[in-house]
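Heads up: the structure comes next, in structure tokens.
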Amino acid sequence: MAMTREQALLEYVLRLGDNALILGQRLTELIAHGPELEEELANANFALDYLGQARMYYAYAGQLEGAGRDEDAFAFLRSDHEYRNLLLVEQPNGHFGDVMMRQFLFENYYVLQLDALTRCDDGHLAAIAARALTEVRYHLRHVSQWIVRLGDGTEESHRRVAESLERLWRYTGEAFASDEVDDVVRDTLQGPDPETLLSIWRKNVKDVLQEATLTMPEDGWMAGGGRQGHHTEHFGYLLAEMQHLQRTHPGAEW
């Protein structure tokens with residue numbers, strides 16, 4: 001049975017919310033672990049940006065679903081297979097180069113996705129995208145500078161960030177693997193076309209990597225399944241920590 005426009009929009013909004021929530025959670029894990037005070041403050045602000053975006057997406061998802069679920073229910077009261085985030089954003093923080101490379105690869109995609117969504121036929125989603133786009137464009141400028149600084153820095157920083165790139169590259173293809181949700185949002189709401197985004201993403205990523213004296217990896221096998229609820233072994237630990245308080249004290253308000 002074909003997916004309706006309403007079903008596809010709800011699923012798409014949840015994917016956006018889950019990406020923002022899970023990446024925001026990963027960034028909050030780094031608070032008090034920054035390499036310098038300025039970066040510590042930047043990271044904390046980026047985490048808050050993503051959590052704020054997640055709230056907007058989940059609030060809209062609750063309206064679309066019409067079942068009485070609110071932001072907290074979507075964030076804290078779902079099981080792991082109900083989350084639809086990309087595998088890339090759930091990858092563990094590792095060292096600083098890992099964090100910067102994960103942000104760089106994802107945010108290059110996310111900026112393009114948000115920009116396209118500002119012109120979609122759903123006014124509410126377009127407004128959320130416009131607000132998020134302003135924030136993420138700044139994130140991307142910041143992290144791109146770090147990629148160049150690490151890649152074209154010392155021999156050690158170059159080696160480590162190059163390893164980060166190789167390790168995370170396998171998680172990039174999922175964002176551009178179009179499925180029925182993407183197709184319906186593209187065809188009925190004038191949403192993003194993943195194939196179009198891919199060509200722009202590759203150019204933008206390659207330009208920065210070249211400046212950083214890093215080599216773009218060859219495309220090989222790509223991991224997937226996150227958008228269908230199939231996650232890596234890291235996800236359960238992340239979810240347990242994130243949901244602990246809400247599940248220990250159901251319905252608590254603070």
Using 0.36 nm times the number of residues separating residue 121 and residue 178, minus their current alpha carbon distance, what extension gain do you get?
18.6 nm
Toward the positive end of the charge dipole of region 119-190, about the Cα centre and with charges on Cβ (Lys, Arg +1; Asp, Glu -1), which of 177, 139, 120 goes farthest?
139
Summed over the other residues with a beta carbon less than 12 angstrom from that of residue 98, with K and R at +1 and D and E at -1, the charge totals +2
Descending packing, highest mean Cβ count within 10 Å first, for 213-220, 196-203 is 196-203, 213-220
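What full-extension length gain, to one decimal in nm, is calculated for residue 137 and residue 228 as 0.36 nm per residue of separation minus the Cα-Cα distance? Could you put the intermediate results ahead of the total?
Values: separation 91, 0.36 × 91 = 32.76 nm, distance 2.75 nm.
Working it through step by step, the gained length comes to 30.0 nm.
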Looking at 228, 41, 161, which one has the Cα that reaches farthest to the positive end of the dipole of the chain (charges on Cβ: Lys, Arg +1; Asp, Glu -1)?
41
Solvent-accessible heavy-atom area per residue, rounded to whole Å², over region 1-41 at 1.4 Å
49
Treat every Asp and Glu Cβ in the chain as -1 and every Lys and Arg Cβ as +1, leave all other atoms uncharged, and give the resulting dipole magnitude about the Cα centre to the nearest 20 debye.
140
Extension gain, residue 2 back to residue 59 (0.36 nm per residue minus Cα-Cα distance, nm):
17.9 nm
Plugging the Cβ-Cβ distance of residue 156 and residue 211 into 1/(1 + (r/R0)^6) at R0 = 25 Å yields, to the nearest 0.05, a FRET efficiency of 0.85
Test item: Cα-centred dipole of region 1-137, Lys/Arg +1 and Asp/Glu -1 on Cβ, debye:
360
Using alpha carbons only, how many angstrom separate the centre of region 11-86 from the centre of region 124-167?
18
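Tell me, what % of the accessible area of the chain is carbon and sulfur with a 1.4 angstrom probe?
Whole-percent figure for carbon plus sulfur exposure: 52.
The values are calculated or read from the model by the stated rules, or taken from the named source; none is laboratory data. What you are looking at is a predicted structure, and each value in this text was computed from that prediction instead of being measured. Every residue, glycine among them, receives a Cβ derived from its backbone with ideal geometry; neighbour counts consider all protein chains shown. All accessible areas refer to the heavy atoms of the entire protein, side chains included, with ligands and DNA or RNA removed. Shrake-Rupley method; radii C 1.70, N 1.55, O 1.52, S 1.80 Å.
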